[in-house]
Amino acid sequence: MSSAFSDFLHQTSVESIPDEMLDLGRQWLLDLLGVAAGASDTRLSHIIRDHAAEHFAPGRRSARMLFDGRAASPVGAALAGGMTIDALDGHDGHKLTKGHVGCGVLPSLLALCEAEGRTDDRDFLAGLVLGYEIGTRAGIALHRTAPDYHTSGAWVSIAAAALGARVLGLDEARTREAIGIAEYHGPRSQMMRCIDHPTMVKDGSGWGAMAGVSAAYLAADGFTGAPAITVESADVADLWADLGRTWRIAEQYWKPYPVCRWAQPPLQGVLDLRAAHGLTSDAVERIEITTFHQSRRLATRAPRTTEEAQYSTAYPTAVALVRGRVAPDDVMEASFADPEIRRLAEGMTVTESDDYNAAFPARRFASVTLVLKDGQRIESGTTEAKGDPEAPVSSDEVRGKFHAYAAPKLGRDRTDAIELAVAGLGGGGGSAALFDLVTAPTAHANEVAA
């Protein structure tokens, strides 16, 4: 690990980060908190928070879990927070990492700061931005150096460990050990296994957060680790050479819908056709999708769990045509019995295009044809999902999504208060009030999930 890496991690402050990047940090924070609130009633979130409370009980250090109220160790709080956000696939992501930085970075940073009594809002905001810078580069580096496609947890562990080293004030040598421990213990889980068989393991983000926070505390106690290939290898030196000059937080995409990003181009194509032609689903005989290979692998037609619905191309695309939206409630179990959605999902054709495959992962393309009952064929043309960094959505859309996800779980007053607290980060007012708002339980936080 270079001295430049250590200096960037430990010496960067809000004063040295461009205002635009600080604004993006606030934006991604608000979005992540909305997704976490929206996911708080999922069975996945209930199970992992109960698990953390039982098996990661606090010792001398403790941190409250996101939207739960109960204390766990900082390692357990990071685990529970990462998996809660991952329970609803609506959080920000990055094309070249084929994954999600913030999902693991936010709960790790929150747990570390609370456990160590660090409530400087300027340092918290700077740390969040740094987590995106390190996590994004680590993700690209892993994809460059490993032959298989691993989950976000495999590389977000490095970002979590780096933030732990920063919060704990580790020197350069122990920071290097923390990064090495995290890379070695990070969950090298194979993503396509969960794509083919969607379950609660999902993108590994919570496990990566847990491994990274644990690595920082182990390094602080003198535990040693192997040098991190994704940071120190000559093959990836170029990715780390521009720290502080190129800001990777600006490369993240925003998700308008709580399903896998690979399913969103055809979903968007259907919504566009529906709006342009004033269509309702009863006029449509079937939907034909042409997409890229990874999107076609999201093959579930009749989901039994929310995980299967979120890792599907056919199901949310059918929802979009029937309801004109895809919101959190639409990918929960109560929606699965709708006969019109089932008809369209089961009758859909999904094929892949060589051109779309060649463009992936830098671009995610799909095209949609609606075959009407009167024989007409209406085509979308090549479509991409909304929210890519090249065509960012407005702040009003980001705020609107936050309120749509959070208010049903938290109430309007608390949702408004979180938005105000996030907007004020970096002004020197401290972060204790925000921490209280996002760790207090929801109305049903600790009830046993059905």
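The values are calculated or read from the model by the stated rules, or taken from the named source; none is laboratory data. What you see is a predicted model; the values in this text were computed from it and never measured. Every residue, glycine among them, receives a Cβ derived from its backbone with ideal geometry; neighbour counts consider all protein chains shown.
Give me the residue from the range 234-253 that is small (Gly, Ala, Ser) and part of a helix (DSSP H, G or I) and, out of that set, surrounded by the most Cβ atoms within 10 Å (Cβ to Cβ).
Initially, the range 234-253 is screened for residues small (Gly, Ala, Ser), giving 234, 237, 241, 244, 250.
Now restrict to residues that are part of a helix (DSSP H, G or I): 234, 237, 250.
Values: 234: 6, 237: 12, 250: 14.
Ranking the candidates gives 250 first.
Can you pull out every residue in the range 401-415 that is under 16 Å from residue 30 (Cβ atoms) and either within 22 Å of the chain's Cα centre (by Cα) or at pLDDT below 95 (or both)? Steps first, answer last, please.
At the first step, the residues of the range 401-415 found to be under 16 Å from residue 30 (Cβ atoms) are 401-407, 409-410, 412, 414-415.
Scanning the range 401-415 gives 401, 402, 403, 404, 405, 406, 407, 409, 410, 415.
Test residue 152 against the criterion of being touching a strand residue (DSSP E or B) at 6+ places or on another chain (Cβ under 6 Å) and buried (at least 24 other Cβ atoms within 10 Å of the Cβ), and give yes or no. Talk me through it step by step, then tell me what you get.
On the way: touching a strand residue (DSSP E or B) at 6+ places or on another chain (Cβ under 6 Å): yes; buried (at least 24 other Cβ atoms within 10 Å of the Cβ): yes.
Against the criterion (touching a strand residue (DSSP E or B) at 6+ places or on another chain (Cβ under 6 Å) and buried (at least 24 other Cβ atoms within 10 Å of the Cβ)), residue 152 qualifies.
Where the second residue is hydrophobic (A, V, I, L, M, F, W, C) and part of a loop (DSSP other than H, G, I, E, B) and the first is at pLDDT below 95 and buried (at least 24 other Cβ atoms within 10 Å of the Cβ) and lies in the range 200-229, which pairs have Cβ atoms under 7 Å and are six or more apart or on separate chains?
Taking only residues 6 or more apart or on different chains, not a single pair turns up.
Quick check on this structure: which one of 142, 125 is more than 17 Å from residue 36 (Cβ to Cβ), touching a residue at least 60 places away in the same chain (Cβ under 8 Å), in contact with a strand residue (DSSP E or B) (Cβ under 7 Å, 6 or more places away or on another chain) and assigned to a helix (DSSP H, G or I)?
Working: 125 fails: in contact with a strand residue (DSSP E or B) (Cβ under 7 Å, 6 or more places away or on another chain).
Exactly one residue qualifies, and that residue is 142.
Suppose the filter is in a helix (DSSP H, G or I) and within 22 Å of the chain's Cα centre (by Cα); does residue 330 pass it? So that I can check it myself, show each step before the final result.
Numbers: in a helix (DSSP H, G or I): yes; within 22 Å of the chain's Cα centre (by Cα): yes.
When the stated conditions are applied, residue 330 passes them.
With 183, 172, 251, 232 as the choices, which residue is of a type in the set (Asp, Glu) and within 30 Å of residue 313 (Cβ to Cβ)? Before the answer, list the steps.
Working: 183 fails: within 30 Å of residue 313 (Cβ to Cβ); 172 fails: within 30 Å of residue 313 (Cβ to Cβ); 232 fails: within 30 Å of residue 313 (Cβ to Cβ).
Among 183, 172, 251, 232, only 251 is of a type in the set (Asp, Glu) and within 30 Å of residue 313 (Cβ to Cβ).
Show me the helices (runs of 4 or more DSSP H) entirely contained within the range 1-118 in which 3 or more residues are more than 27 Å from residue 328 (Cβ to Cβ) and touching a residue at least 12 places away in the same chain (Cβ under 8 Å).
Here the list reads 3-11, 19-39, 102-115.
For the range 333-356, which positions are among the hydrophobic types (A, V, I, L, M, F, W, C), within 11 Å of residue 318 (Cβ to Cβ) and part of a helix (DSSP H, G or I)?
Those that are among the hydrophobic types (A, V, I, L, M, F, W, C), within 11 Å of residue 318 (Cβ to Cβ) and part of a helix (DSSP H, G or I): 341, 344, 345.
Suppose we keep only residues that are out of contact with any strand residue (DSSP E or B) (no Cβ under 7 Å at 6 or more places or on another chain) and not aliphatic (A, V, I, L, M) within the range 273-292. Which one would you say is farthest from residue 383 (Cα to Cα)?
282
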